[in-house]
Amino acid sequence: MNPAPLISSSMRVIILGSAAGGGLPQWNCGCRNCQEARLSGTGRTQSSVAVSADGARWVLLNASPDLRVQVASRPELWPRGARGTPISAAVCTDGEIDHTLGLLLLREATTKLAVYAPLGVAGLLDREWPLFRILSAYAGLEPRTLPDGQAIALADAAGKKLGIACTAVPVARRPPRYARQAAAGTYDVGLRLTDERTGGTLAYVPAAGAVDDAVRSIAAGAGLLLFDGTFWSDDELAEAGGTDAPSAREMGHLPVGGPEGSMQLLPRAGAQRTVLVHINNTNPMLGRSSAERAEVEAAGLQVGEDGMEFEL
Ligand code: MLT
Ligand code: MN
Ligand code: ZN
């Protein structure tokens, strides 16, 4: 029998967590989806993706509060020896708590982790939400700035290239709630990640307020687009019981449904396949037999699931 190839032939992508902040069920939410998830013992972990060009060294796209269980559930991310990790770098698309808190959970590391973030986000992680400073007392991170709209080669903390080129493009959004007063800057990006050997491309846009030229430039020709599926409708949170809750658009999330929703626009964004991620627990499309799920699928889109895997 031939030994398994050491180098995988294409870029691998795993959805570690498909839920938005709070997960499914969310601890204090009694909505139908959350109740169903409790009763059936099923659920979804918070937003994160893992990607690898060689199947051996992995890059986290966002680090969720559920990172510990996500790593435990994926053999690809288990240590290879007594200590160590195949997690070779992390990229943050924003500074939201659901996309960054997981960095704290990696504090037992014995070597630095390379963490890429847009300039505005790196500032937040140094000041308002000082993960970089706190973690410097542990093994520490090596912060690296993601330039706007310019491809860079991702590398581990030692500088070894990971075989993936990454372009970060600012998308329509706003700074996180804890930093509403922050100065103008880049707080939200979408990523275009390309396997440098094969050209396979992942477009990753977990939070965006529009399907605009920025999103189309990220998605054009990509084998897979993972896109913001947070809310179905603009007033979903208020309807679920949060009377003063902000609308989807106020939170910087373009709703999936409705005449100007992402479902109408994504099929023309230029990706070969589109899967919705960062899905809030209130979103009716989570129901497998819901009318909303049928609409999404009829539009040629898919609802992401924890553990979904792709080869690009
Ligand atoms: C978002 O994606 O809008 C945020 O993560 C919301 C939050 O949990 O604060
Ligand atoms: Mn979020
Ligand atoms: Zn809920």
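The values are calculated or read from the model by the stated rules, or taken from the named source; none is laboratory data. Not measured: the values here are computed from a predicted model. Cβ: placed from backbone, ideal geometry, glycine included. Neighbour counts: every protein chain shown. In case anyone asks, the SASA skips ligands and DNA or RNA and just uses the protein heavy atoms, side chains included. Shrake-Rupley method; radii C 1.70, N 1.55, O 1.52, S 1.80 Å.
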Item to check | Considering residues of the range 201-255 that are among the charged types (D, E, K, R) and in a helix (DSSP H, G or I) only, the residue nearest to the chain's Cα centre (by Cα) | outcome: Arg216
Item to check | Among residues of the range 259-289, those that are out of contact with any Leu (no Cβ under 9 Å at 6 or more places or on another chain) and surrounded by fewer than 17 Cβ atoms within 10 Å (Cβ to Cβ), counted | outcome: 6
Checklist entry - Assuming Val275 fulfils every condition listed in (1) outside any strand (DSSP E or B); (2) closer than 22 Å to Val189 by Cβ apart from one, which condition is it? => result (1)
Checklist entry - Here is a list of conditions, (1) in contact (Cβ under 8 Å) with a residue 24 or more places away in the chain; (2) among the charged types (D, E, K, R); (3) open to solvent by 30 Å² or more (accessible area, probe 1.4 Å), and Asp195 meets all of them except one; can you say which number that is? => result (3)
Checklist entry - Given the conditions (1) open to solvent by less than 10 Å² (accessible area, probe 1.4 Å); (2) assigned to a strand (DSSP E or B), which single one is not true for Val169? => result (1)
Item to check | Index of the failed condition, Ser247 passing every other in (1) within 16 Å of ligand 2 (Cβ to nearest atom); (2) buried (at least 20 other Cβ atoms within 10 Å of the Cβ) | outcome: (2)
Checklist entry - Between a first residue in the range 223-236 that is free of Cβ contacts under 8 Å to residues at least 40 places away in the same chain and a second residue that is more than 14 Å from ligand 2 (Cβ to nearest atom) and open to solvent by 20 Å² or more (accessible area, probe 1.4 Å), which pairs have beta carbons less than 8 Å apart while being 6 or more apart in sequence or on different chains? => result Ser233/Glu239; Ser233/Gly258; Asp234/Ser247; Asp234/Arg249; Asp234/Gly258; Asp235/Ser247
Checklist entry - So is Leu67 within 29 Å of His253 (Cα to Cα) and not aromatic (Phe, Trp, Tyr) or not? => result yes
Checklist entry - When residues of the range 172-192 are filtered for being among the hydrophobic types (A, V, I, L, M, F, W, C) and either in a strand (DSSP E or B) or open to solvent by 50 Å² or more (accessible area, probe 1.4 Å) (or both), how many remain? => result 4
Item to check | Selection from the range 290-312 of residues that are open to solvent by 30 Å² or more (accessible area, probe 1.4 Å) and outside any helix (DSSP H, G or I) | outcome: Ala299, Gly300, Gln302, Glu305, Asp306, Gly307, Met308, Glu309, Glu311, Leu312
